[in-house]
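Engineer: A single structure is presented below for examination.
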Amino acid sequence: MSLRHSLCVAACLLAASTAPGPAAALPAAAATHVETPPASTDDEASRIEQSLQTSPKPALAAAERQLARLPVTDPARSRWLAIGAEAAYALALPATAVKYTKEALDRPGLDPEMQQRLTIALAQAEDLSGHSNESIKLMMTVIGTLEQGGFDPQYMVDALSARAAAYYSLGNFRAALADLLRAYPLTPERGPRTIKADIATSLGNVYAAIEDREHAEQFYKEAIDDSVANASWVRASIAEYSLATVYRRQGEWARSAEYFEQSLRHSKLSDDTQGVAYAQFGLAQVAEKLGEFDRAERMYLASLPVFAEAGDILPQANIARGLASIALQRKQYPLALRQIERSLALAGTIEEFDLTYRLFELRAEVEYAMGDFKAAYLSQKKSGEVKQKWLEARNNESLSEMRVRFDTERQAQQNALLTKENQLNASKLAEQRQTTRLYVVSVVALLLVLGLLVFLAYRSKQVRKRLAAQALTDELTGVANRRHVMAVLSAEVERARRYRTPLTIAMFDLDHFKQINDRFGHAAGDEVLQAFARWLHDSLRKTDCFGRIGGEEFLAVLPHTALEEARTVMERMRYGVLALSYPMLEEQLQPSVSIGLAMLSEDDASVEALVARADDAVYRAKEAGRNRVES
């Protein structure tokens with residue numbers, strides 16, 4: 001995934017949720033050592049390569065001019081194809097990048113260093129096209145070759161940076177962090193290719209994705225200071241955009257808007273059209289959160305043509321989502337539904353399940369506001385189904401990535417062994433063969449021992465995880481138990497007080513539950529509790545925590561949620577409970593729920609005091625006739 005394209009992925013996903021996610025993508029690995037072209041184009045190519053990372057648009061234009069002029073057989077064509085591919089990657093133009101790299105790699109007579117450069121460019125283009133596993137496979141081969149030595153050391157920096165970008169695209173932040181920390185001490189402060197400011201921005205992105213704000217800010221500010229000091233406006237705008245996204249996720253709107261504005265200003269200084277669009281997109285997100293809907297709409301519409309021209313589907317889908325949310329706030333319900341359908345159609349073309357299930361949640365809100373409760377329930381149900389599909393897809397991607405890594409590393413090991421065998425001295429061949437046999441036996445034995453140790457460690461870890469889960473999970477429903485929920489609530493109360501953010505809890509108490517046990521038996525009561533727990537899981541946000549705290553009582557913790565916002569959601573959920581199905585009740589009784597809300601205040605001396613207020617609210621709901629929300 002390219003620098004600009006991945007920035008949009010992270011920002012777009014965050015636009016739909018407060019859940020953690022990637023704040024920005026990893027900067028692209030830059031140009032590497034090149035084969036020597038004819039003297040007629042050598043000076044210009046060198047000049048373009050020196051400025052490629054800071055001025056990719058002029059670099060692409062220069063490459064296109066040269067490629068239109070040079071004959072197919074001209075040796076200089078390979079170098080200009082590499083320049084064009086790298087510039088297209090920086091500008092998030094995947095089709096152009098793939099086209100140039102494949103044409104160059106098909107040319108005969110490429111020297112090994114140009115082969116490495118083009119393979120890195122192809123890996124970046126594949127990642128940009130959404131084929132991140134293929135990108136990782138290519139980089140495994142390159143890195144394996146580089147580790148044998150004989151090339152410019154910065155090739156390793158470029159390759160590690162490219163592989164980290166692909167890992168980041170797949171959400172494998174641990175692997176991305178390992179590659180970046182390996183590259184960081186090897187990276188030069190200055191140069192035409194990947195430099196320390198690029199790796200610093202990438203590290204900031206990974207730390208932001210794993211919610212380590214302290215380290216994310218440290219690396220972002222390092223990249224910004226270095227880029228501004230050297231008038232590298234493109235790099236500065238990228239790091240500023242990423243830091244602004246971190247602040248937006250934390251609800252620090254003023255600081256977020258400040259850095260988005262800086263990113264916009266620096267993008268304009270470098271004539272970076274895409275950078276301007278991303279900054280406008282970020283400012284639109286902030287304006288939407290602050291309720292400045294006219295400004296948000298204006299910014300969304302200003303950035304849309306740039307993404308449409310580049311063929312970036314995901315940002316277009318998220319702009320439609322943003323416009324739908326604005327229309328909902330303005331009570332323009334038909335317009336909101338049209339924008340949601342447009343966003344769903346776009347997201348469907350790239351199988352963006354994460355965005356899709358959030359769009360169904362938004363559609364449920366619109367339908368609920370229109371009074372179409374049945375449609376709202378179906379949309380909420382569809383959201384849960386798509387969310388499950390998204391989680392399964394992420395698991396499959398991880399398995400596929402492990403398979404690619406294993407196959408590639410095995411091939412690299414075989415290639416290294418063959419190379420060593422070909423270099424054997426004839427006079428020592430017999431001795432070397434014996435040594436090789438002993439080596440193979442030793443390696444196999446060692447691998448067997450290591451495999452056994454890994455297996456035993458894995459089994460031990462699984463047992464510990466199961467025991468830990470049992471200690472924190474309600475046995476009947478499979479959701480969090482009272483101990484777990486109260487621990488989470490204590491942590492959220494501390495966080496809310498530290499950052500002065502709203503926090504509301506919701507207490508759920510199923511009405512007439514004793515009648516269910518008395519009339520239909522405890523098995524029916526268990527079925528009701530299990531169905532209700534599943535419904536809560538599908539209905540609440542993934543940032544919310546809930547669990548069973550006793551009998552028919554459940555408690556939900558709603559971070560970053562004010563009381564009125566929580567009341568709106570709970571009213572919708574109260575109606576949703578009435579649509580649940582319980583086969584063992586034979587439709588003779590439809591349980592309802594009484595809900596009590598309490599928002600954290602300075603008067604709450606303890607967590608227990610907050611819970612007690614929510615419990616009092618449930619009691620008032622019961623006294624007022626049940627099937628109510630009280631606060």
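The values are calculated or read from the model by the stated rules, or taken from the named source; none is laboratory data. Predicted, not measured: the structure shown is a model, and the values here were computed from it. All Cβ positions, even for glycine, are placed from backbone atoms using ideal geometry, and neighbour counts span all protein chains on display.
Engineer: State yes or no: is residue 278 buried (at least 24 other Cβ atoms within 10 Å of the Cβ), touching a helix residue (DSSP H, G or I) at 6+ places or on another chain (Cβ under 9 Å) and not aliphatic (A, V, I, L, M)?
Structural biologist: It is true that residue 278 is buried (at least 24 other Cβ atoms within 10 Å of the Cβ), touching a helix residue (DSSP H, G or I) at 6+ places or on another chain (Cβ under 9 Å) and not aliphatic (A, V, I, L, M).
Engineer: Here's a follow-up. Please tell me if residue 153 is more than 18 Å from the chain's Cα centre (by Cα) and within 27 Å of residue 244 (Cα to Cα).
Structural biologist: Criteria not met by residue 153.
Engineer: What do you reckon, is residue 212 within 22 Å of residue 190 (Cα to Cα) and modelled with pLDDT under 90?
Structural biologist: no
Engineer: Please name all residue pairs, on different chains or six or more residues apart, with Cβ atoms under 7 Å, provided the first residue is in the range 612-628 and is in contact (Cβ under 8 Å) with a residue 60 or more places away in the chain and the second residue is in a helix (DSSP H, G or I).
Structural biologist: What qualifies is 627/574.
Engineer: Being of a type in the set (Val, Ile, Thr), more than 17 Å from residue 559 (Cα to Cα) and in contact with a helix residue (DSSP H, G or I) (Cβ under 6 Å, 6 or more places away or on another chain) is the requirement here; does residue 516 meet it?
Structural biologist: Taking the combined requirement at face value, the residue satisfies it.
Engineer: In addition: Are any residues in the range 202-224 small (Gly, Ala, Ser) and farther than 9 Å from residue 242 by Cβ, and if so, which ones?
Structural biologist: Residues satisfying the conditions are 202, 209.
Engineer: Let me ask something else. Which condition number does residue 240 fail, the rest of (1) more than 23 Å from residue 322 (Cα to Cα); (2) among the acidic types (Asp, Glu); (3) part of a helix (DSSP H, G or I) being met?
Structural biologist: (1)
Engineer: Which one of 624, 598, 562 is modelled with pLDDT of 90 or more and touching a Lys or Arg at 6+ places or on another chain (Cβ under 6 Å)?
Structural biologist: Exactly one of 624, 598, 562 is modelled with pLDDT of 90 or more and touching a Lys or Arg at 6+ places or on another chain (Cβ under 6 Å), namely 598.
Engineer: Further question on the same structure: So, of the residues in the range 486-522 that are hydrophobic (A, V, I, L, M, F, W, C) and modelled with pLDDT under 90, which turns out to be surrounded by the most Cβ atoms within 10 Å (Cβ to Cβ)?
Structural biologist: If we take residues in the range 486-522 being hydrophobic (A, V, I, L, M, F, W, C) and modelled with pLDDT under 90, then 516 is surrounded by the most Cβ atoms within 10 Å (Cβ to Cβ).
Engineer: Restricting to the range 243-278, and then to whatever is of a type in the set (S, T, N, Q) and touching a Leu at 6+ places or on another chain (Cβ under 7 Å), can you tell me which residue is farthest from residue 560 (Cα to Cα)?
Structural biologist: 274
Engineer: Let me ask something else about it. Filter the range 55-93 down to the residues that are within 25 Å of residue 266 (Cβ to Cβ) and of a type outside the set (Gly, Ala, Ser) and list them by number.
Structural biologist: 56, 57, 58, 60, 83, 86, 89, 91, 93
Engineer: Could you check the range 124-217 for helices (runs of 4 or more DSSP H) lying wholly inside it with 1 or more residues that are under 30 Å from residue 250 (Cβ atoms), in contact with a Pro (Cβ under 8 Å, 6 or more places away or on another chain) and among the acidic types (Asp, Glu)?
Structural biologist: 196-209
Engineer: Related question: Take residue 258 and tell me if it is closer than 18 Å to residue 224 by Cα, out of contact with any Lys or Arg (no Cβ under 7 Å at 6 or more places or on another chain) and at pLDDT 90 or above.
Structural biologist: Judged against the criteria, residue 258 is a match.
Engineer: Exactly one condition in (1) part of a helix (DSSP H, G or I); (2) touching a residue at least 24 places away in the same chain (Cβ under 8 Å) is not met by residue 109; state its number.
Structural biologist: (1)
Engineer: Condition test on residue 296, is it assigned to a helix (DSSP H, G or I) and closer than 26 Å to residue 499 by Cα?
Structural biologist: Yes: the conditions hold for residue 296.
Engineer: If the requirement is being part of a helix (DSSP H, G or I), under 16 Å from residue 296 (Cβ atoms) and either outside the structural domain of residue 543 (by TED's automatic domain parsing) or under 19 Å from the mean Cα position of the chain (by Cα) (or both), which of these qualifies: 375, 324?
Structural biologist: Exactly one residue qualifies, and that residue is 324.
Engineer: Another question, if that's okay. Taking the range 140-175 as the region of interest, how many residues are surrounded by fewer than 20 Cβ atoms within 10 Å (Cβ to Cβ), small (Gly, Ala, Ser) and either modelled with pLDDT of 85 or more or within 20 Å of residue 206 (Cβ to Cβ) (or both)?
Structural biologist: Qualifying residue count, the range 140-175: 2.
Engineer: Pull out all pairs, ordered by first then second residue, where Cβ-Cβ is under 8 Å, the residues are six or more apart or on different chains, the first lies in the range 239-250 and is in the same structural domain as residue 198 (by TED's automatic domain parsing), and the second is in a loop (DSSP other than H, G, I, E, B) and β-branched (Val, Ile, Thr).
Structural biologist: Sorted first by the residue in the range 239-250, then by its partner, the pairs are 249/18.
Engineer: Are there helices (runs of 4 or more DSSP H) fully within the range 497-608 with at least 3 residues that are more than 24 Å from residue 383 (Cβ to Cβ) and free of Cβ contacts under 8 Å to residues at least 24 places away in the same chain? List them.
Structural biologist: Output list reads 513-520.
Engineer: Could you list, in sequence order, the residues of the range 601-613 that are farther than 16 Å from residue 485 by Cα and modelled with pLDDT of 90 or more?
Structural biologist: Once the filter is applied, which keeps residues that are farther than 16 Å from residue 485 by Cα and modelled with pLDDT of 90 or more, the range 601-613 yields 601, 613.
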